[in-house]
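The next block holds one structure in the form of structure tokens; read it before the comments.
The values are calculated or read from the model by the stated rules, or taken from the named source; none is laboratory data. Keep in mind it's a predicted model, so treat the numbers as computed, not measured. Cβ atoms come from the backbone with ideal geometry, glycine included; neighbour counts cover every protein chain shown. Ligands, DNA and RNA are stripped out before the accessible areas are found, and what is left, the full protein with its side chains, is counted by its heavy atoms. Shrake-Rupley method; radii C 1.70, N 1.55, O 1.52, S 1.80 Å.
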Amino acid sequence: MSGQLTVNDSSLPHRSRNKSGRREGSLRDPHLHPILSRGAGVRSGRSFSSGESQKVRPVSVLAALLEPFAGPGSAEVASHLLLRFGTLDRMLAATDAQIIAACEDVPAVGEMIAGARALVLAALHETVTRSPVNCADPAFKRYLALKFKGRPHEELHAIFVDQNHGFIAEELVSIGDAGRVDARICSILRRAIELGSSALYLVHNHPSKTPSPSPEDVRSTKQISAVAEALDIQVIDHLIIAGASMVSMRELKLL
């Protein structure tokens with residue numbers, strides 16, 4: 001069942017210069033245990049057919065990446081990480097806290113993986129901010145997919161742009177539980193006025209990986225759009241991210 005977006009505030013914002021407060025959430029799985037137990041061994045000696053040996057093997061790729069940090073034990077570390085998370089994709093979708101906890105015996109490896117992912121995200125963010133924001137831009141889609149990847153809770157973000165769709169700022173509006181995000185109209189539109197933004201995108205994720213907007217998503221978005229229009233601010237689109245999928249409410253003619 002897809003998440004819901006609800007609206008709490010309906011009053012119009014004043015052109016105040018006070019910045020709205022924001023709180024970033026941090027996650028940590030209290031039940032997560034280190035996977036690199038001391039003295040753990042990896043089964044070896046398996047033979048492969050010639051066709052199989054020519055395939056790109058995730059453990060080999062990961063081991064090569066980790067070698068400068070894990071040394072001769074890089075293959076063992078890579079094998080344990082893949083056993084812990086299942087796939088490379090799931091490993092990259094894990095939180096920094098989960099990755100670092102899983103690499104407790106070799107903390108440099110966990111820090112490197114978290115740092116590499118942050119570097120990729122920063123590069124994509126740089127690409128997005130240097131060109132007009134466009135939902136059809138593959139770099140924009142990759143940026144949002146990586147940013148929200150693996151998050152177990154819903155987050156609502158606003159991307160503020162100028163009249164030419166040039167990037168101004170991206171800010172977290174609210175954090176919800178697994179099935180709800182509270183959209184505060186005053187906070188969003190007050191911030192748009194403070195930034196001198198004439199338009200904005202709304203973006204939120206569905207941890208359920210079902211990208212279809214719920215009826216409440218549609219109703220709330222229309223409310224926000226109507227209030228924004230009264231202030232000469234356009235809600236260009238509301239994007240819903242679910243795994244690698246992205247749905248545009250504008251394209252669905254729901255906005």
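Summing +1 for each Lys or Arg and -1 for each Asp or Glu among the other residues whose beta-carbon sits under 15 angstrom from that of residue 127 gives +1. Solvent-accessible area per residue in the stretch 91-165 equals 45 Å², computed with a 1.4 angstrom probe and all protein chains kept. Between the beta carbons of residue 212 and residue 90, assuming R0 = 22 Å, the FRET efficiency works out to 0.40 to the nearest 0.05. Computed over protein heavy atoms with a 1.4 angstrom probe, the accessible surface ordering of 246, 91, 112, largest first, is 246, 112, 91. Taken about its Cα centre, the stretch 109-255 carries a charge dipole of about 340 debye when Lys and Arg each add +1 at the Cβ and Asp and Glu each add -1 at the Cβ. Distance between the pseudo-spin-label points of residue 136 and residue 193 (7 Å out from Cα toward the beta carbon): 3.5 nm.
For the stretch 168-247, the share of alpha carbon pairs falling in successive 5 Å distance bins from zero is 3, 14, 27, 25, 18, 10, 3 percent. In the stretch 157-255, the portion of solvent-accessible area held by carbon and sulfur atoms comes to 47 percent [1.4 Å probe, whole percent, DNA, RNA and ligands not counted].
Rounded to a whole number, what is D in µm²/s for the stretch 119-162 from Stokes-Einstein with the Kirkwood radius over alpha-carbon pairs (37 °C, 0.692 mPa s)?
291
Which listed residue (157, 226, 197) has the Cα farthest towards the positive end of the charge dipole for the stretch 147-255, taking +1 on Lys and Arg C-beta and -1 on Asp and Glu C-beta about the Cα centre? The one lying farthest along the dipole's positive direction is 157. Considered as an equivalent ellipsoid built on the Cα gyration tensor, the stretch 117-255 has semi-axes of 21, 19, 13 Å, the largest given first. Label reach from residue 251 (point 7 Å along Cα→C-beta): in the stretch 144-163, amide nitrogens under 17 Å belong to 144-146. These residues, 175, 185, go from largest to smallest accessible area, 1.4 Å probe, as 175, 185.
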